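Here the structure is laid out as structure tokens; the discussion comes afterwards.
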Amino acid sequence: MNYCIFCEISNHQQPADIVFEDEQMIVFKDIKPKAAVHFLIVPKKHIDSIEALKEEDKELVSQMIFLAKKMAQEQGVSQTGYKLLFNVLRGGGQLIDHIHLHLIGGEVRP
Ligand code: AMP
Ligand code: ZN
């Protein structure tokens, strides 16, 4: 596998502004936030993208969505609303080839 920045962050080999972590998941602030709340929900298991998902990953993806919902509540955007976004492959705007879910909410930044 090629170098993967999100694997490195998951292993604490690269710094990040981590807001949640457990055995399977890590959540950190996007380095270029598009809104007041812009977190990346990242499974520690390396999966390239939505397109690389296998049947066995169903539970993991479900956990990502429920964790995003919990983080939205904690950040106070669950009432006003937020976006959950998967970019998929280059044509879909995916730049980092380690699956991640964007949680974007609150005031939008230019
Ligand atoms: P995507 O375009 O869906 O692959 O999103 C990748 C996101 O990761 C972008 O919004 C970047 O700003 C963000 N990003 C890239 N490197 C880092 C990093 N080291 N720490 C936090 N966020 C990052
Ligand atoms: Zn990775």
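Just so you know, all these numbers are worked out from the coordinates, no wet-lab data involved. Since this is a predicted model, take the numbers as computed values, not measurements. Glycine also receives a Cβ, built like all others from the backbone with ideal geometry; neighbour counts cover every protein chain displayed.
If I go through the range 88-98 residue by residue, how many of them are more than 15 Å from ligand 2 (Cβ to nearest atom) and of a type outside the set (G, A, S)?
3
Which residue out of Q63, Q75, Q79, Q13 is among the polar types (S, T, N, Q) and touching a strand residue (DSSP E or B) at 6+ places or on another chain (Cβ under 6 Å)?
The unique qualifying residue is Q75.
Of the residues that sit in the range 1-57 and are surrounded by 11 or more Cβ atoms within 10 Å (Cβ to Cβ) and of a type in the set (K, R), which one is farthest from ligand 2 (Cβ to nearest atom)?
It comes out as K34.
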